[in-house]
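What follows is calculated from the coordinates using simple rules that are stated; it is not laboratory data. Since we're looking at a predicted model, the values are computed, not measured. Using ideal geometry, Cβ is built from the backbone for each residue, glycine included, and neighbour counts are taken over all protein chains shown.
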Amino acid sequence: MDRGRRGSKHHLITCGAGNPLAALTTAANVNDVTQTIGLVDQIPSVRGKRGRARRRPSRLLGDGAYHSRRDRLALRARGIQPRIAKPKSRHGSGLGRERWVIERTFSWLHQYRRLRIRYERREDIHEAFLAIGCGLICFKALVRADALC
């Protein structure tokens with residue numbers, strides 16, 4: 001499928017507000033479905049209220065590239081309800097009303113030129129720029145929330 005594709009691809013998990021929780025960079029010829037469980041396992045603990053910290057989301061939305069029976073079973077075993085579009089399903093699946101949050105976050109990330117066009121040959125440098133971009137998105141969300149108060 002993507003064997004001849006050059007470049008890199010960003011994989012991202014966000015909260016409902018669009019703030020990045022986990023990000024990953026892979027080669028462009030790597031299948032998306034192979035990254036699902038690893039990305040879910042990267043989500044850090046969410047602290048806040050007293051008691052045990054929440055580690056996993058209650059549900060996961062994804063497009064057809066992340067669809068596989070094995071990953072659906074693995075997500076259910078972790079207590080996560082998968083809402084992943086089936087490949088070759090009709091366009092009106094209804095997930096677009098909720099998936100626009102992740103698409104908006106990708107557009108926020110790719111407004112930084114270093115992430116939109118990869119100039120670095122070393123993966124660790126590009127991962128660092130990805131982490132900085134995610135940090136800036138979270139910082140801007142905090143500034144917006146502070147301005148509302």
How high is the relative contact order of the stretch 8-148, in percent, counting Cα pairs under 8 Å that sit 6 or more residues apart?
22
Taking the highest mean first, how do the peptides 120-132, 19-31 order by number of other beta carbon atoms within 10 angstrom per residue?
19-31, 120-132
Just going by the charge dipole of the chain, with Lys and Arg at +1 and Asp and Glu at -1 on Cβ, which of Ile43, Ile80, Ala22 is farthest out on the positive end?
Ile80
One finds the C-alpha centres of the stretch 35-83 and the stretch 121-149 to be spaced, in Å, by 22
Given the convex hull of the Cα atoms of the chain, what is a quarter of its surface area in nm²?
10.8
Determine, for the chain, the count of lysine pairs separated by eight or more sequence positions (or lying on different chains) whose alpha-carbon distance falls under 27 Å.
4
State the antiparallel share, in %, of DSSP beta bridges confined to the chain, rounding to the nearest 5.
65
Could you give the size of the charge dipole of the chain about its Cα centre, using +1 on the Cβ of each K and R and -1 on the Cβ of each D and E, expressed in debye and rounded to the nearest 20?
500
Calculated [θ] (222 nm, deg cm²/dmol) that DSSP helices of n ≥ 4 give over the chain, each run adding -39,500 (n - 2.57):
-12000 deg cm²/dmol
Of the DSSP H helices in the chain, those whose Cα atoms cover at least 27 Å axially and whose Kyte score averages 0.0 or more:
123-148
